[in-house]
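Input: a single structure, listed below in structure tokens.
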Amino acid sequence: MLRWTDVLTFAKYSNPEPPRRVQKTEAEWAALLTAAQFRVLRHKATESPYRNAYCRSYEPGRYQCAGCGSVLFDAATKYHAISGWPSFTQPAARSAIRYCFDDSHHMQRVEALCNVCGGHLGHVFPDGPAPSGLRYCINSESLVRVAFEESGNSSI
Ligand SMILES: [Zn+2]
């Protein structure tokens with residue numbers, strides 16, 4: 001389980017090696033993504049609180065990066081943070097997220113990015129629930145929820 005000290009260590013020294021890397025030009029990303037996804041993932045925009053797709057969604061499944069399809073979060077770690085954005089306590093894997101210090105907007109925050117494609121996801125804060133104490137505050141536009149495949153019940 002990752003804790004705040006792990007997040008700070010990643011941001012300060014080096015992030016976990018991603019399982020693969022996806023690199024595209026601005027034009028390729030613009031062609032691939034919706035305008036709203038492009039603004040968030042590639043230009044670090046923040047979507048409106050509450051008025052976003054996954055804020056109040058608690059259905060099971062996996063949340064993948066809207067840019068490259070990498071699995072970022074499991075719905076089992078999603079919780080109601082009353083922030084207006086989807087919030088998670090842990091990434092799907094230690095190497096799923098890249099962390100960078102972000103001093104923009106006169107705040108000291110830790111930015112969360114997709115470790116595979118570098119897309120901006122949101123920020124991580126140390127005010128989440130026990131036991132990890134982490135709150136991954138993520139833009140819905142950077143995520144796509146994929147339901148778990150049902151196994152064994154698909155025959156007709
Ligand atoms: Zn990605």
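FYI, it's all coordinate maths here, none of it is from the lab. None of these values were measured; they are calculated from a predicted model. Because the Cβ atoms are built from the backbone with ideal geometry, glycine has one as well, and the counts that use them run over all protein chains shown.
From the backbone phi of the stretch 63-75, what are the Karplus-calculated ³J(HN,Hα) couplings (6.51 cos²θ - 1.76 cosθ + 1.60, θ = phi - 60°) in whole Hz, Gly and Pro given as x?
With the stated coefficients, the stretch 63-75 comes to 9, 9, 5, 5, x, 10, x, 5, 6, 10, 9, 9, 4 Hz.
Using a 7 Å offset from the Cα along the Cα-to-Cβ direction at both ARG94 and ILE82, what is the distance between the two label points in nm, to one decimal?
Using points 7 Å along Cα→Cβ, the separation is 3.4 nm.
Cut-off is 10 Å between beta-carbons; in what order do CYS137, CYS100, CYS114 appear when sorted fewest neighbours first?
The fewest-first ordering by Cβ neighbours comes to CYS100, CYS137, CYS114.
Please express the shape of the stretch 1-97 as an equivalent ellipsoid: the semi-axes are the square roots of 5 times the eigenvalues of the C-alpha gyration tensor, given largest first in whole angstrom.
22, 20, 13
Net charge near GLU111, counting Lys/Arg +1 and Asp/Glu -1 over other residues with Cβ under 11 Å of its Cβ?
Summing Lys and Arg as +1 and Asp and Glu as -1 gives +1.
Working out 0.36 nm times the residue gap between ARG51 and LYS24, then minus their Cα-Cα distance, what length gain in nm do you get to one decimal?
Extra length from ARG51 to LYS24 when fully extended: 6.8 nm.
Sort SER57, SER70, SER14 by Cβ crowding within 10 Å, fewest neighbours at the top.
In increasing order of surrounding Cβ atoms, one gets SER14, SER57, SER70.
For the stretch 89-94, what does the Karplus curve 6.51 cos²θ - 1.76 cosθ + 1.60, with θ = phi - 60°, yield as ³J(HN,Hα) per residue in whole Hz, taken in order and with x for Gly and Pro?
Along the stretch 89-94, the couplings run 9, 8, x, 5, 8, 4 Hz.
How would you rank ILE82, ILE97, ILE138, going from fewest to most other Cβ atoms within 10 Å of each one's own Cβ?
ILE82, ILE138, ILE97
For the chain, what is the calculated [θ] at 222 nm in deg cm²/dmol (nearest 500), taking -39500 (n - 2.57) for each run of four or more DSSP H residues and dividing by its residue count?
-4500 deg cm²/dmol
Is the shape of the stretch 1-53 rounded, prolate or oblate, going by the alpha carbon gyration tensor and its root eigenvalues a ≥ b ≥ c, with a/c under 1.5 for rounded and a/b larger than b/c for prolate?
Oblate, since a/c reaches 1.5 and b/c is not below a/b.
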